[in-house]
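The values are calculated or read from the model by the stated rules, or taken from the named source; none is laboratory data. Everything quoted here is computed from the prediction, not taken from an experiment. All Cβ positions, even for glycine, are placed from backbone atoms using ideal geometry, and neighbour counts span all protein chains on display.
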Amino acid sequence: MTHTEADGADAKRRIQARARELGFLALGVAPASVPDVERERLLRWLGAGYHGSMSWMETQKELRLDPQSLLPGARSILMGAFNYYPGGATNPGPTWISRYARGRDYHKTIRKLWRALLPTVEDALPGVRARWFVDSAPMLEKYHAERAGIGWRAKNANVIRKGEGSWFFLGGMLIDRPLPFDSPAIDHCGSCTLCIDACPTGAIVEPAVVDSNRCISYFTIEHDGPIPDDLEEQAGEWVFGCDVCQEVCPWNRFESESTVSDFAPRSDPASLTLEQAVDLRKSDFDRIFRGMAVRRAGAALFQKSARRALRNRERER
Ligand code: B12
Ligand code: SF4
Ligand code: SF4
């Protein structure tokens, strides 16, 4: 090992140790580039129209394929995983809001964690230029996470960690320094197809490929246009997001409760019933979901989804 390689390995160890202290589930390092095979996959996905009305996926595609556009001179990406699992028996719900959205808005929390990690990165790599992201920038987070050894891109299109599951967010920090890269994670889905079979709307059109136009998560969070008739009923009682393809995954038997207090489910939404959700005044919606991801979707989409959820509940009776 040369002197510089040894320095890089030491810097990486110090950064990883600090990340663990701060509550990161994992931190790995990937090169700041996207290979042609991933480029083809993204273009194929867009070409098939699987992004639906998320036109920013199309307009920002070249940026998404080029980490240098976010940080010119970038050499490495520190990819982080952040466990948000709210627990099993102790999780107060409500069950119609997906688990990731029951605590504080993750963009705020993860931004805070990167900010807290930055002094260690700067100390380990003097003069470093860095830029962090969490959903906030056009980056192929799942690809970079797999490349950084965080977990594999599974058939349910989420990144899964062996023995830990997928109830975690991703985020990253681009830096203009080379650090020793991790080995890419290895696929452990095997012959299992539980998620594909369980998806209520048939949105997983091939392993690891989701057609957003059919995904409940998309039309309860991202898309405020009409839902195709056949999906109305299949969407069941989900009002914000959908967890089915993760709930059925055998690897998610292993995840332990998050230790990041900001991700803990909040009590106000937990006591909200579906009946109350339908009639919520805008001011009450804003108050109950203040600082949470749900508020970003807006009261109108939330209530539309709540009405559909209630119709489906009554149909079931
Ligand atoms: C757009 C988006 C969505 C869209 C589209 C979903 C999708 N699968 O892309 C919608 C609104 C539907 C969505 C839903 C959800 N999302 Co989302 N989403 C994103 C976002 C902003 C971009 C993802 C993206 O680039 N999609 C474009 C497609 C082309 O990318 P892809 O799935 O990686 O597609 C690849 C595969 O098709 C692959 N491919 C094609 N052929 C093959 C073959 C093989 C063998 C392999 C391995 C791959 C492969 O190549 C493509 C290009 O890389 C990311 C954040 C980010 N900046 O990355 C969060 C993100 C992926 N979402 C996240 C979450 C949590 C969710 C939900 C679980 C939320 C919920 N509970 O409702 C659901 C899960 C739905 C699902 N099963 O995927 C997390 C995932 C965390 C994790 N552990 O993996 C992310 C990373 C946000 C974050 N920062 O934490 N999401
Ligand atoms: S989030 Fe729900 S609708 Fe979307 S792919 Fe997973 S199971 Fe299907
Ligand atoms: S349910 Fe099975 S196929 Fe789907 S992601 Fe989990 S292990 Fe992979």
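Quick check on this structure: which one of S258, S267, S271 is out of contact with any helix residue (DSSP H, G or I) (no Cβ under 9 Å at 6 or more places or on another chain), at pLDDT below 95 and within 16 Å of ligand 1 (Cβ to nearest atom)?
Details: S267 fails: within 16 Å of ligand 1 (Cβ to nearest atom); S271 fails: within 16 Å of ligand 1 (Cβ to nearest atom).
Exactly one of S258, S267, S271 is out of contact with any helix residue (DSSP H, G or I) (no Cβ under 9 Å at 6 or more places or on another chain), at pLDDT below 95 and within 16 Å of ligand 1 (Cβ to nearest atom), namely S258.
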**Request:** For G87, indicate whether it is surrounded by 12 or more Cβ atoms within 10 Å (Cβ to Cβ), within 18 Å of the chain's Cα centre (by Cα) and modelled with pLDDT under 95.
**Result:** yes
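Given the residues D284, D279, D229, which is the only one that is closer than 23 Å to Y50 by Cα and either surrounded by fewer than 20 Cβ atoms within 10 Å (Cβ to Cβ) or in contact with a helix residue (DSSP H, G or I) (Cβ under 6 Å, 6 or more places away or on another chain) (or both)? Talk me through it step by step, then tell me what you get.
On the way: D284 fails: closer than 23 Å to Y50 by Cα; D279 fails: closer than 23 Å to Y50 by Cα.
After applying the criteria, what remains is D229.
Taking the conditions exactly as written (more than 15 Å from ligand 2 (Cβ to nearest atom), of a type in the set (K, R) and out of contact with any Leu (no Cβ under 8 Å at 6 or more places or on another chain)), does R295 satisfy them or not? Talk me through it step by step, then tell me what you get.
Values: more than 15 Å from ligand 2 (Cβ to nearest atom): yes; of a type in the set (K, R): yes; out of contact with any Leu (no Cβ under 8 Å at 6 or more places or on another chain): yes.
Taking the combined requirement at face value, the residue satisfies it.
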**Complete:** Counted residues in the range 198-210 being more than 14 Å from Q246 (Cβ to Cβ) and either more than 9 Å from ligand 1 (Cβ to nearest atom) or touching a helix residue (DSSP H, G or I) at 6+ places or on another chain (Cβ under 6 Å) (or both) come to 3
**Request:** Considering each of A208, A203 in turn, give the residue that is closer than 24 Å to L46 by Cβ, touching a Lys or Arg at 6+ places or on another chain (Cβ under 6 Å) and near ligand 2 (Cβ under 9 Å from one of its atoms).
**Result:** A203
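Restricting attention to the range 292-306, report how many residues are over 16 Å from I216 (Cβ atoms) and of a type in the set (A, V, I, L, M). Steps first, answer last, please.
Of the residues in the range 292-306, the ones over 16 Å from I216 (Cβ atoms) are 292, 295-296, 298-300, 303.
Adding the requirement that they be of a type in the set (A, V, I, L, M) leaves 292, 299-300.
Of the residues in that region, 3 qualify.
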**Message:** Restricting to the range 179-213, name every residue that is in a loop (DSSP other than H, G, I, E, B), farther than 25 Å from F82 by Cβ and touching a residue at least 60 places away in the same chain (Cβ under 8 Å).
**Reply:** D211
**Matching residues, the range 240-264, being in a loop (DSSP other than H, G, I, E, B) and either acidic (D, E) or crowded, with 20+ Cβ neighbours inside 10 Å (or both)** = G241, C242, D243, C249, E255, E257, S258, V260
**Request:** At least 1 residues that are of a type in the set (F, W, Y) in each: list the helices (runs of 4 or more DSSP H) lying fully within the range 14-98 that qualify.
**Result:** 36-47, 55-59
**Request:** Would you please name the residue that is farthest from A277 (Cα to Cα), looking only at residues in the range 219-252 that are hydrophobic (A, V, I, L, M, F, W, C) and more than 10 Å from ligand 1 (Cβ to nearest atom)?
**Result:** W251
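So, R111, is that one farther than 30 Å from H188 by Cβ, within 13 Å of ligand 1 (Cβ to nearest atom) and either of a type outside the set (D, E) or part of a strand (DSSP E or B) (or both) or not? Step through it out loud before you land on a result.
Details: farther than 30 Å from H188 by Cβ: yes; within 13 Å of ligand 1 (Cβ to nearest atom): yes; either of a type outside the set (D, E) or part of a strand (DSSP E or B) (or both): yes.
Yes: the conditions hold for R111.
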**Check on G241, over 21 Å from the mean Cα position of the chain (by Cα) and under 24 Å from R296 (Cα atoms)** = no
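Condition check ((1) within 29 Å of F285 (Cα to Cα); (2) out of contact with any strand residue (DSSP E or B) (no Cβ under 9 Å at 6 or more places or on another chain); (3) more than 16 Å from ligand 2 (Cβ to nearest atom); (4) of a type in the set (A, V, I, L, M, F, W, C)) across all residues:
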residue	(1), (2), (3), (4)
N156	no, no, no, no
F168	yes, no, no, yes
G172	no, no, yes, no
I186	no, no, yes, yes
I216	yes, yes, no, yes
P228	yes, yes, no, no
L231	yes, yes, no, yes
C249	no, no, no, yes
